[in-house]
Amino acid sequence: MAENRNGAPAPDEADPDTADDPRPDDTTPHPADAGPREFRMADLAGEAGITVRTLRFYRERKLIPPPRREGRIAWYNEHHLARLRTIAGLLERGHTLGGIAELLSAFDTGRDVGELLGLEDTLAAPWSEETLVRLTPEELADHFKDDVTPENLSASLDIGYLAVDGDEFVHISRRLLDASTELVANGVPLSAVLRAGREVRAHADALADLFISVIRTHVLSDVLDRAAAGTPIAPAEIAHITRTVEKLRPISKGIVDAELSMAMDRRVRTELEAWHRERGGPDCGQNREQGPGGPEQDNP
């Protein structure tokens, strides 16, 4: 089959798949136990705005999953339609079919939301501050443009920034998504953002371990020791533990924020001083007077 420059089949007349979709008199009934919408090949192609020839080509390239078969009839569903619309959207954004195939492969092998978030009640935790963001593959491409590659997508799934939920992605944090988008828009490659994110995650886990250790040792040691010895913990004590953790959590965040701000100040000053020295200028914040033999001193 001929292909155009994006790898898609060249324009041609519709080519009904009579082997898969026999409908000489259009009387083949939909399965009686139908729930979600299902389509025969020609109907799916019409919904997606493509020809049957193109649909068959996508299926041969494994860009869409196999249909459900009932005898000689192939039934497609809303998932197939969403996938076709994703392909169309990515083609419009300049992606080739080869690149789309790799992206969809990473998408299909990505962790789902449950695996990413762990326990289901994580979403309902009263201390959770992050807002999940649902994104279609096309919307993800709009955020990061040409940086949406199979490698970056796989890295995002591996770190845990992204999860797969049906035909969509779920980003773990609106704040992290906005920060990543802004960094990429200012010229930082997404691959570099993800490498930094992986390191930040490791340091953040270490800080969380440190604060939890402090709380366990100095605040909750008595009740936790009794629990470890098998002593029943009263509901009031469990509520006390919950309140304590909730109260100390923002304190730990404030400590990290203050220390990071001061560390950034120190690092920026160091970089500026080094930059001035390289250019032959004076050191930042330094205005030392010279002794005899040195440059003239300002008269008081």
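Every read-out reported here was derived from the displayed coordinates using simple, explicitly stated rules and does not represent laboratory data. Quantities reported herein were computed from a predicted structural model and do not represent experimental measurements. All Cβ positions, glycine included, derive from the backbone under ideal geometry; neighbour counts span all protein chains shown.
Residue separation times 0.36 nm, minus the C-alpha to C-alpha distance between THR217 and THR96: what's the value?
37.9 nm
How much length is gained if the chain between ASP108 and THR270 is pulled fully straight, taking 0.36 nm per residue apart and subtracting their Cα-Cα distance, in nm to one decimal?
53.7 nm
Provide the packing ranking of 222-230, 42-50, i.e. peptides ordered by the mean count of other C-beta atoms within 10 Å per residue, highest first.
In decreasing order of mean packing, 222-230, 42-50 become 42-50, 222-230.
First select every other residue whose beta carbon is under 12 angstrom from the beta carbon of ARG201; then total the charges, Lys and Arg +1, Asp and Glu -1.
With Lys, Arg at +1 and Asp, Glu at -1, the net is -1.
With each label point set 7 Å from Cα along the Cα-Cβ vector, what nm distance links ALA88 and HIS203?
4.6 nm
What translational diffusion coefficient, to the nearest whole µm²/s, does region 32-104 have by Stokes-Einstein, given a Kirkwood radius computed over alpha-carbon pairs, a temperature of 37 °C and 0.692 mPa s viscosity?
258 µm²/s
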